[in-house]
Amino acid sequence: MRDFHVYNTLSRKKELFKPLHEGHVGIYVCGPTVYGDPHLGHARSAITFDVLTRYLRHLGYRVRYVRNITDVGHLENDADEGDDKIAKKARLEQLEPMEVVQYYTNRYHDFMRLLNVLPPNIEPHASGHVIEQIELIKKILEQGYAYEINGSVYFDVEKYNKTYTYGKLSGRTVDEQQANTRKLDGQDDKRQPFDFALWKKASPEHIMRWPSPWSDGFPGWHLECSAMSTKYLGETFDIHGGGMDLLFPHHECEIAQSTAVGHNAARYWMHNNMITNSGQKMSKSLQNFITLEEMFAGTHQLLAQAYTPMTVRFFMLQAHYSSTLDFSNETMQAAEKVLKRILEAANTLSKLTPSAVSTRSEEITAIVEKCYEALSDDLNTSLAIAHLQEAVRIINSANDKKDTLTAADIDSLKALFSGILFDSLGIADEQQQGVDTTLLDGLIQMILETRNKAKANKDFAVGDKIRNDLLQLGIAVKDTKEGSTWTLG
């Protein structure tokens, strides 16, 4: 099996990936908190770990991919205060909380399908694993790394730090947090302001609550992922992923909770970076926050046009997952053009006539290897795409009769596009989806035959009309010395 290297946030270096169990990979990724429509940030995380899962499977690994749904316990700020985001939405819309959860979970799934993001093997909900979370709290209390007060349970960061290292993932020390964390109103129960909630006692007006040994309440946000990753992947598993914004405090707290009860949690931690808009972080307060629905419909005020789901996906893959990605209409339109060229070349492959001699065999072999080397080097999708564009130039050159390719060359290129572009990168040809291309080609060839007869009879008006009518239907006709060819788009 080909070597795969990954940048491990925990060790702060690129490492050779060695799964815990040979040939099998366990991945846990933090999914959405379902109280609003998915946006570009959700899409980047989902696409990043979709590509990771796809590529590992393409290499021959059996992958169990777990991505959770947060439907309880995520408060409005990370200091364990404020309303539950879902409960607040339910009150505003006069709905049951689980109506909100179901609606936005369905919406999330719908948009992920459009982006060609494969569903996880397991998609656990936090609300469905409260029993597991209560049991985990009991174990943390037994080990002495938590304390109960007034019906709430908090993790004792200072005590934990005497034996272990709180901050080893993010690099933030307890001393720094002591100096920079202020007490908030209603947090006098905590021994230290940087302690975090494992269980919160519900106030009388709090909608979402469960019985526990300490109070009627709800679990802390960080707890759910520790409990669910352990349940489905074991006390130690391979990869934990999520957005860079979750590195602290969410993932840091996960590590502390797991370590406190003797679990090793994940061996490799991967984080995708944020999306910016003209250099600014996307946020609701700056009004540069774009949902996927707005992207696909072109309805946001910052959008010059609508962008297809595959254009959005391809745009995100043009940058390394760990780098900041800046959105603009110019970069989106550029991605749209590059994607179109690549897909046209992929479709052209099936129309090439093989030759007995090749002028590009060695170059094609090198391109295939470079594409795999790029993805095996910490999912360098941008470099893989650059190499695919080298293949596009060869295909177009062969189509223009400037180069010759053997049947073996064409098969290698078909395997490259199938394995890298479509399988690993997850790009789908939106114009070809749901179309029987054999039937379509047959019908268009019949139409082109009629057009050729009209031209032969010097009835150029009919020939031009057929060409223009086809163009209106999204079918472009190109006349060459060898005859007429067509492409979608």
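Some notes on this structure:
- Pairs where the first residue, in region 212-237, is more than 14 Å from Leu136 (Cβ to Cβ) and the second is hydroxyl-bearing (Ser, Thr, Tyr) and surrounded by fewer than 24 Cβ atoms within 10 Å (Cβ to Cβ), C-beta under 8 Å, 6+ apart: Ser215/Ser152; Gly217/Ser152
- Among the residues of region 2-22, those that are hydrophobic (A, V, I, L, M, F, W, C) and either open to solvent by 60 Å² or more (accessible area, probe 1.4 Å) or not in a loop (DSSP other than H, G, I, E, B) (or both) comprise Val6, Leu16, Leu20.
- Residues in region 35-44 include at least one that is open to solvent by less than 10 Å² (accessible area, probe 1.4 Å) and either of a type in the set (Gly, Ala, Ser) or under 20 Å from His222 (Cβ atoms) (or both).
- Scanning region 60-82 for any residue that is open to solvent by 30 Å² or more (accessible area, probe 1.4 Å) and in a helix (DSSP H, G or I) turns up nothing.
- The residues in region 136-167 that are part of a helix (DSSP H, G or I), in contact (Cβ under 8 Å) with a residue 12 or more places away in the chain and either under 19 Å from Ser215 (Cα atoms) or open to solvent by less than 20 Å² (accessible area, probe 1.4 Å) (or both) can be counted, and the count is 8.
- Elements of type helices (runs of 4 or more DSSP H) contained in region 359-430, each with 2 or more residues being among the acidic types (Asp, Glu) and touching a residue at least 24 places away in the same chain (Cβ under 8 Å): none
- Against the numbered list (1) closer than 22 Å to Leu405 by Cβ; (2) crowded, with 16+ Cβ neighbours inside 10 Å, Glu369 comes up short only at (2).
The values are calculated or read from the model by the stated rules, or taken from the named source; none is laboratory data. Owing to the predicted nature of the structure, the values given are computational and were not obtained by experimental measurement. With ideal geometry, Cβ positions are generated from the backbone for all residues, glycine too; neighbour counts draw on all protein chains shown. What goes into the accessible areas is simple: the full protein's heavy atoms, side chains included, and nothing from ligands, DNA or RNA. Shrake-Rupley method; radii C 1.70, N 1.55, O 1.52, S 1.80 Å.
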